[in-house]
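The values are calculated or read from the model by the stated rules, or taken from the named source; none is laboratory data. Worth saying up front: this structure is predicted, and the values here are computed from it rather than measured. Cβ: placed from backbone, ideal geometry, glycine included. Neighbour counts: every protein chain shown.
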Amino acid sequence: MEKFKIDPRMKFVMMPVYLFYLLLAVYVINCAGDFVSAALQCFAILSILNLVDRILIDELWVGHTKAWTIPGTEDLKPYINKQYRVKKWLTGTVGFALLSCIVAGVMSAVLLLK
């Protein structure tokens, strides 16, 4: 089965949007003032995003609806197997933990300069 690739340009378009909403939620709405609280809030938000993607999209929508059935490949279902879903979830969790620390560190440094 052929792997589907996401257009790399989409990452450059969507990443700033995600970061904007993340910063808006953590620093404007929740008023995080230190590195630890900001990193934990970022990680919580990104973890929820990760779970929604894995459970609602990969498991329920792609795995159990006819909308994603490709004619002639019904015997290949599920299209996203369990091993790959676990790998995506672990990669997302570790990646989001690192991203949370980076975002919180940069914003903590910016806030200290004020």
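Within the set of pairs 6 or more residues apart or between chains, which connect a residue that is within 11 Å of Gly92 (Cβ to Cβ) inside the stretch 43-54 to a residue that is surrounded by 14 or more Cβ atoms within 10 Å (Cβ to Cβ) and charged (D, E, K, R) with Cβ atoms less than 7 Å apart?
Close Cβ pairs (under 7 Å, with a partner that is surrounded by 14 or more Cβ atoms within 10 Å (Cβ to Cβ) and charged (D, E, K, R)) amount to Arg54/Arg85; Arg54/Lys88.
Could you tell me which of the residues Lys82, Lys114, Lys88 is among the charged types (D, E, K, R) and in contact (Cβ under 8 Å) with a residue 24 or more places away in the chain?
Going through Lys82, Lys114, Lys88 in turn, just one is among the charged types (D, E, K, R) and in contact (Cβ under 8 Å) with a residue 24 or more places away in the chain: Lys88.
Can you confirm whether Arg9 is in contact (Cβ under 8 Å) with a residue 12 or more places away in the chain and in a helix (DSSP H, G or I)?
The answer is no for Arg9.
Which residues, counting only those in the stretch 22-39, are buried (at least 16 other Cβ atoms within 10 Å of the Cβ), assigned to a helix (DSSP H, G or I) and either at positive phi or of a type in the set (A, V, I, L, M) (or both)?
Listed by number, the residues that qualify are Leu22, Leu23, Val26, Ala38, Ala39.
Residues Val62, Val86: which one is farther than 23 Å from Val110 by Cα and at pLDDT below 85?
Val62
Can you give me the number of residues within the stretch 55-114 that are surrounded by 12 or more Cβ atoms within 10 Å (Cβ to Cβ), hydroxyl-bearing (Ser, Thr, Tyr) and in a helix (DSSP H, G or I)?
Number satisfying all stated conditions: 4.
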